[in-house]
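*Asks:* This is the structure I have questions about; it appears just below.
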Amino acid sequence: MSSENPPVTGDSGPELAALVAGGTVDVLDFPKPGIVFKDLMPFFGDGPAFRRVVDGVVAHYGPDSFDVVAGVEARGFVLAAAIAYATGLGVVPVRKAGKLPRPAFSASYALEYGEATLEVHEGAFTPGQRVLVVDDVLATGGTAAATIDLVEQAGGVVAGFTVLMELGFLDGRERLGGHKVHALLTV
Ligand code: AMP
């Protein structure tokens with residue numbers, strides 16, 4: 001294998017990792033200088049690859065492992081809805097501040113490139129409901145930590161956290177305590 005194509009790795013094996021890698025475009029200096037933005041739109045647009053990875057996420061957790069799927073705005077919505085459909089479960093959107101129409105819990109955090117606040121409706125989960133949290137990219141872990149906090153504020157229990165891609169050099173996984181992290185691709 002040439003040095004231009006290093007082996008790809010992830011928690012569901014090299015085949016699924018390669019599908020995510022093959023659908024990702026690195027965009028330099030977006031949304032600000034110094035950031036390499038991982039654009040996963042080509043992956044989402046590739047039907048067979050998307051289906052294979054969604055099926056891989058479902059297989060990773062096994063039957064009856066979670067009761068509902070929570071997706072982080074906005075790209076997490078895409079993956080969350082597909083996993084929810086594949087498992088016959090519902091989906092809870094975790095939204096950016098000011099978007100939810102009813103009383104909500106909120107959590108603020110620092111991003112790799114800025115600050116943000118996320119919200120989830122009060123009553124979004126039944127007490128003790130097992131929640132699979134999903135997003136597209138795990139960078140510093142701030143978004144994931146805030147989302148886990150929101151799920152717990154709202155009475156849910158985090159069953160796992162799945163991302164398509166983990167930026168391993170930022171050590172985001174270490175901010176998530178003992179929660180199970182499942183990254184299809186680690187770079
Ligand atoms: P963080 O809170 O630092 O883990 O950032 C993760 C969140 O920000 C996810 O919702 C991603 O969509 C987004 N994000 C952060 N860094 C990147 C990146 N380099 N490329 C694409 N999305 C990113």
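The values are calculated or read from the model by the stated rules, or taken from the named source; none is laboratory data. The structure displayed is predicted, hence computed values, not measured ones. Virtual Cβ from ideal backbone geometry, glycine too; neighbours counted across all protein chains shown.
*Asks:* Among the numbered criteria (1) without any contact (Cβ under 8 Å) to a residue 40 or more places away in the chain; (2) acidic (Asp, Glu); (3) under 17 Å from Ala104 (Cα atoms), which single criterion is violated by Asp149?
*Replies:* If we test Asp149 against (1) without any contact (Cβ under 8 Å) to a residue 40 or more places away in the chain; (2) acidic (Asp, Glu); (3) under 17 Å from Ala104 (Cα atoms), just (1) comes out false.
*Asks:* Condition first: away from the ligand (no atom under 16 Å from the Cβ), surrounded by fewer than 22 Cβ atoms within 10 Å (Cβ to Cβ) and farther than 22 Å from His60 by Cα. Now tell me which residues in the range 125-156 satisfy that.
*Replies:* Within the range 125-156, Thr126, Pro127, Glu152, Gln153, Gly155 qualify.
*Asks:* Go through the range 166-179 and give me each residue that's outside any helix (DSSP H, G or I) and modelled with pLDDT of 95 or more.
*Replies:* Glu166, Leu167, Asp171, His179
*Asks:* Out of (1) within 17 Å of the chain's Cα centre (by Cα); (2) of a type in the set (Gly, Ala, Ser); (3) within 16 Å of the ligand (Cβ to nearest atom), what's the single condition that is false for Gly90?
*Replies:* Here Gly90 clears every test but (3).
*Asks:* Right, something else. Could you tell me which numbered condition His182 fails, if it satisfies all but one of (1) more than 25 Å from Arg51 (Cα to Cα); (2) within 16 Å of the ligand (Cβ to nearest atom); (3) not hydrophobic (A, V, I, L, M, F, W, C); (4) not in a helix (DSSP H, G or I)?
*Replies:* (1)
*Asks:* Let me ask something else about it. If Thr162 passes every condition in (1) part of a strand (DSSP E or B); (2) of a type in the set (Ser, Thr, Tyr); (3) within 12 Å of the ligand (Cβ to nearest atom); (4) modelled with pLDDT of 95 or more but one, which one does it miss?
*Replies:* Condition not satisfied by Thr162: (3).
*Asks:* Can you name the residue in the range 80-121 that is of a type in the set (D, E, K, R) and modelled with pLDDT of 95 or more and is also surrounded by the fewest Cβ atoms within 10 Å (Cβ to Cβ) among such residues?
*Replies:* Filtering the range 80-121 for residues that are of a type in the set (D, E, K, R) and modelled with pLDDT of 95 or more, the one surrounded by the fewest Cβ atoms within 10 Å (Cβ to Cβ) comes out as Arg102.
*Asks:* Take Val25 and decide whether it is at pLDDT 95 or above, surrounded by fewer than 12 Cβ atoms within 10 Å (Cβ to Cβ), β-branched (Val, Ile, Thr) and within 13 Å of the ligand (Cβ to nearest atom).
*Replies:* The answer is yes for Val25.
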